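The values are calculated or read from the model by the stated rules, or taken from the named source; none is laboratory data. Everything numeric in this text was worked out from a predicted model, so none of it was measured. Every residue, glycine among them, receives a Cβ derived from its backbone with ideal geometry; neighbour counts consider all protein chains shown. Note: accessible area is taken over every heavy atom of the protein model, side chains too, but ligands, DNA and RNA are not part of it. Shrake-Rupley method; radii C 1.70, N 1.55, O 1.52, S 1.80 Å.
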Amino acid sequence: MIHPEVKKIAEDIRTMRTRGAGRIARAAARALKVVATSTKAETKAQFMDELNKVVKLLLSTRPTAVSLPNAIRFVVRRSELESIEDLGEIRRLIVSRANEFIRLSLGAIKRIGEIGSRRILDGDTIMTHCNSACALSIIKTAHSQGKDLEVFVTESRPRRQGLITARELTKAGVRTTLIVDSAARYFMKEVDKVIVGADSIAANGAVVNKIGTSSLALAANEARVLFFVAAESYKFHPETLVGELVEIEERDPREVFNPKRIEGLRIRNPAFDVTPPEYIDLIITERGIIPPQAAYTILREHFEWKLDEELLPDQK
Ligand code: RUB
């Protein structure tokens, strides 16, 4: 039996009531904490069985943001749990790791804001896409330092997360202009820096983010505009070290258009795309700024404790 609160967390991720890679990761950590505090299991084996079911459920919600499996990896360290027999101790460990993940995650977003804001100059015009807590942390921090900024926000069809960004920025007092996605290249000549978030970053520095990000990167490259990615270390994708590709989620076509209105029409709705490292100037992480080519180093450092084992042996 999966706890109703855990089911609700998973459903909220699936339906995008909880969205954005960082928020999804923290919600997953919260779900694991609920399992550890509410379980009726009497033995370690029963508890591990329950935990595995929840891990499967969480992993089935959305496939692209690696922050989700990385949060689970952080909280449930299987090799460590293998050596502990006392169920109470296991439960306490999971609760404390989940709390630690949430604390580190929120701290990372704040730190990215501090580090990234140093790259923003007074008078800069910035373009951002979708709704990224990390990208917004940089913009809002720079604004709070008294830098005079102007921000172009793309609508981000089909789910229009750009509206969330536009609301957040205007509320913070940042001069904000909303544009449709196809107007990005038109306005690019007025922009100094593009800042976006990430759902996954591959070992070669390629960045997976909201569909349309790579078009923005192309337009920025053409106009010689700097292109920054803001992402916590847990957005780096360990399986890409061993050659796996990041799965791109395709969502319900009805998010784009009601297919019944044009008979025979096919609709595709990929939620993310891949921006190659050549189009990215910097990745801003909580550990500092790196060129995309250094993604491999971050992966080696961040997942050192796990890389010698087979990655996620029984979570798939
Ligand atoms: C959100 C999206 C965001 C990243 C980074 O997509 O692509 O840019 O998740 O966000 P969706 P953050 O709305 O489909 O989840 O920096 O907040 O983690």
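Before moving on, here are some points about what is shown:
- Averaging 1/r across all pairs of distinct Cα atoms in segment 113-167 and inverting the result yields a Kirkwood radius of 11.3 Å.
- Principal-axis tilt of helix 87-117 within the chain, Cα atoms, nearest 10 degrees: 10
- Highest-first packing order for the peptide set 196-202, 178-184, 225-231 is 196-202, 225-231, 178-184, based on the mean count of other beta carbon atoms within 10 Å.
- Among beta bridges identified by DSSP and lying wholly in the chain, the antiparallel ones come to about 35 percent.
- With respect to the chain, whose longest principal axis is taken over its alpha-carbon atoms, helix 133-144 is tilted by about 50°.
- Helix 213-222 and the longest principal axis of the Cα set of the chain meet at an angle near 40°.
- Subset of K33/K210; K147/K189; K140/K210; K8/K53; K110/K171; K147/K235 violating a 23 Å alpha-carbon distance limit: K33/K210; K147/K235
- By accessible area, using a 1.4 Å probe on protein heavy atoms only, segment 4-109 has 53% of its surface on carbon and sulfur.
- For segment 4-114, the gyration tensor built on C-alpha atoms gives an oblate shape. Its axis ratio a/c (a ≥ b ≥ c) is at least 1.5, and a/b is not larger than b/c.
- Value of Rg to Rh for the chain, rounded to two decimals, is 0.99; Kirkwood radius and Rg both from alpha-carbon coordinates.
- Loop-located trypsin sites (Lys or Arg not before Pro) in segment 22-54 (DSSP state not H, G, I, E or B) with no more than 16 neighbouring Cβ atoms inside 10 Å: K40.
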